[in-house]
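The values are calculated or read from the model by the stated rules, or taken from the named source; none is laboratory data. Being a predicted model, the structure only gives us computed values, none of them experimental. Glycine gets a Cβ as well: all are built from the backbone with ideal geometry, and neighbour counts include every protein chain shown. Heavy atoms of the whole protein, side chains included, go into the accessibility calculation; ligands, DNA and RNA do not. Shrake-Rupley method; radii C 1.70, N 1.55, O 1.52, S 1.80 Å.
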Amino acid sequence: MTSPTRPTDAHPYLRAASAGIRHHTRSLTPPDADPPTLGDRAHLDVLHAHLTALLQLLDRLADTTRPRHPAAGRHLATARTRLWQATSEVHAAFHLTPGTPQPDAETGTCRPERLPEGPPVLTICQRHLAAGHTVRRTTTPTDLRPHTTACVR
């Protein structure tokens with residue numbers, strides 16, 4: 001017989017991922033750094049991978065929560081949309097960050113018909129296109145436009 005999971009033991013991988021992000025944030029901004037450490041393409045690639053994993057998690061949470069708690073499910077779906085917008089901005093920042101010159105570096109666009117040079121560029125573009133396909137199946141173009149909302153509880 002298994003014992004129920006204590007709240008402090010619930011979701012250890014999510015807690016570890018959050019702790020890793022906090023640690024990395026502190027390491028990027030040490031108090032004695034002058035100038036502060038700059039983010040590079042490797043950082044943005046890993047951050048994009050993390051955001052797309054969170055996107056999948058929010059997608060599943062929204063889908064499983066909505067039938068029993070429609071209002072909570074709608075809020076999770078809205079969070080998923082906002083997270084997609086953040087993921088899309090990180091993808092654009094990746095292409096605008098100095099690195100190997102890209103044909104579309106000045107526009108920040110991803111061109112699937114013109115394959116990038118290889119990892120990490122190819123990897124982030126493939127991941128972004130796959131995540132975008134999933135997001136577009138569950139949202140409308142109006143949902144994807146940035147806008148502000150007031151907290152209504």
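Filtering region 40-53 down to residues that are surrounded by fewer than 16 Cβ atoms within 10 Å (Cβ to Cβ) and more than 13 Å from the chain's Cα centre (by Cα), which residue is farthest from T134 (Cα to Cα)?
D40
Starting from region 16-27, take each residue that is farther than 16 Å from L44 by Cα and list its partners that are open to solvent by less than 60 Å² (accessible area, probe 1.4 Å) and among the aromatic types (F, W, Y), counting only C-beta distances under 9 angstrom and pairs at least six apart or across chains.
Between residues of region 16-27 that are farther than 16 Å from L44 by Cα and residues that are open to solvent by less than 60 Å² (accessible area, probe 1.4 Å) and among the aromatic types (F, W, Y), there is no close pair.
Have a look at P67, P30 and point out the one that is more than 19 Å from R127 (Cβ to Cβ) and in contact with a helix residue (DSSP H, G or I) (Cβ under 9 Å, 6 or more places away or on another chain).
Numbers: P30 fails: in contact with a helix residue (DSSP H, G or I) (Cβ under 9 Å, 6 or more places away or on another chain).
Answer to the selection: P67.
Looking at (1) surrounded by 16 or more Cβ atoms within 10 Å (Cβ to Cβ); (2) under 11 Å from the mean Cα position of the chain (by Cα); (3) among the small types (G, A, S), find the lone condition where A86 falls short.
(1)
How many residues does region 54-83 contain that are closer than 19 Å to H128 by Cβ, in contact (Cβ under 8 Å) with a residue 60 or more places away in the chain and open to solvent by less than 40 Å² (accessible area, probe 1.4 Å)?
Residues meeting the conditions: 3.
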